[in-house]
Amino acid sequence: MTDHVAQLNITEDAPPAADLELDCKGLLCPLPVYRTSQALNRLGAGQVLRVECTDPGSLADFPALARQRGLTLLSATERNGVQVFHLRKETD
Amino acid sequence: MEIIETAAGSAAMGAATEAVDVLSPLRRQDRPARLGASAARRRYADVRELIASPANPTPLVRLNRVVPPGAEAFLKLEWMNPFGSIKDRTARYLLEGMRERGELDGRELVEATSGNTGIALAALAALEGIPLTVTIPSGVPEEKLVLLRMLGATVMPTPDDLCPVDNPRDGAIALARAVAESPAHGGRYAMPNQYANPDNVRAHYETTGPEIWEQTEGRVRTFVAGYGTCGTITGVGKFLKERDPSIRVVAVEPQRNHRLPGLKNLQEAKAPAILDRTVIDDVVRVDDGPAYAMAKRLFREEGLIVGPSTGAIAHAIASLGAAGGLAVGVSPDGGHKYASFYADYLGEEGQPR
């Protein structure tokens, strides 16, 4: 799993502060992506969303979601089966 | 008018007219019993009794102007069902099956639907106090989403590109399954899953098919329906083939990226598990253009206010010509829910200049 993070070339230290937190633990794909998309609609440009997931598919889904929606994936970490993503919305 | 007898009024009246009791014909115990159900008067105790069945079939109406001369073709008007589409039959069978298997006890419902199954499920679920969540693929008219919300359903519009990795066209089905199976929901949701539930096929094998056989007095030679959940084509096809294997069953398939809600192009969408291809003789491809053109002709030349998928099915029937004998096509739903789609199609037509 850490290989994934290395591939993304993202550092694991100093997680950024989040404007909104979303708990997607125990939700199966594609629910985390769906709920993240909904939550992003409530954020403005420059704001950061923190998402916690447990579905292993999320490790592939969130980098793809970031590319698709023009978001910056600030961090992607996994600990004890929980993945944590920080996404910054760049444009309204 | 309700006559309410008060103690004071009764006493006063009694005092004035001791010999003749003028109120007697209107006394409560003499009034007729409350109106009960009466099939002869088309009076029902509950709207659910209106869902079509062989005892109460949807009408077959002959096409007189949009088919070639000599063709004997009928549309079965499924929009005469109480919640407006062929899916009333499906929803009833899905819920009855789930109830019999004990899958409904204390649970909520979640289903993926292009709208009609959702509307029928929402109406039935509302009558039973069961909460319903529907996941809806893109390309469903706003009218259907509003009807679902009016019926109290929770609506989850699902964009085609929801899954950023494999990007399947069936995102709504994947999302409904995720709602049903996510550990965080603790088994709170039951999913009828019309695409894989044999009760969907059984609804048409036990009702739509027998109705068509009876209504045509066994003369039906060709049956035409769309690829959708494939409940109709599989259930009716199976029933008719058992009656007479030489009856031709024709499936209508839309183009890729079509605008015909309820129909599926099986190259871009997964074939539903309940589809039985052995009952299908031919597949006719109908693109959006001819489907909408035929829908407009059905409005104007036959007086049939139908949805776009009926346009595709009627176009297929017309293209078969007169040689195939008596043809019956399904008209899955009516046109009112597609006002916004038809507005796009018409453009400036019918607007004053």
Ranked from highest to lowest mean number of other Cβ atoms within 10 Å per residue, what is the order of the peptides B:121-129, B:207-215? B:207-215, B:121-129
Would you mind ranking B:Thr154, A:Thr54, B:Thr222 by Cβ crowding within 10 Å, fewest neighbours first? B:Thr154, A:Thr54, B:Thr222
Search the structure for amide H atoms under 5 Å from the amide H of B:Thr158, placed 1.01 Å from N in the peptide plane, and list their residues when 5 or more places away or on another chain. B:Ile136, B:Ser138
Select from B:Ala180, B:Leu151, B:Ser38 the residue farthest towards the positive end of the dipole of the protein assembly as shown; place +1 on Cβ of Lys and Arg, -1 on Cβ of Asp and Glu, and compute about the Cα centre. B:Ser38
Count of lysine pairs in the protein assembly as shown with Cα separation under 19 Å (8 or more residues apart, or interchain): 13
Under unit Cβ charges (Lys, Arg +1; Asp, Glu -1), what dipole magnitude, rounded to 20 debye, does the protein assembly as shown have relative to its Cα centre? 940 debye
DSSP beta bridges in the protein assembly as shown: the antiparallel percent, rounded to 5, is 40 percent
Taking neighbour Cβ counts within 10 Å as the exposure measure, how do B:Lys87, B:Lys76, B:Lys238 sort from fewest upward? B:Lys238, B:Lys76, B:Lys87
In degrees between 0 and 90, to the nearest 10, how far off the longest principal axis of chain B does helix B:87-100 point, with axes built from Cα atoms? 80 degrees
Cβ neighbours within 10 Å from other chains - mean over A:28-39: 6
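A short reminder: the numbers here are calculations on the coordinates, not readings from a lab. None of these values were measured; they are calculated from a predicted model. Because the Cβ atoms are built from the backbone with ideal geometry, glycine has one as well, and the counts that use them run over all protein chains shown.
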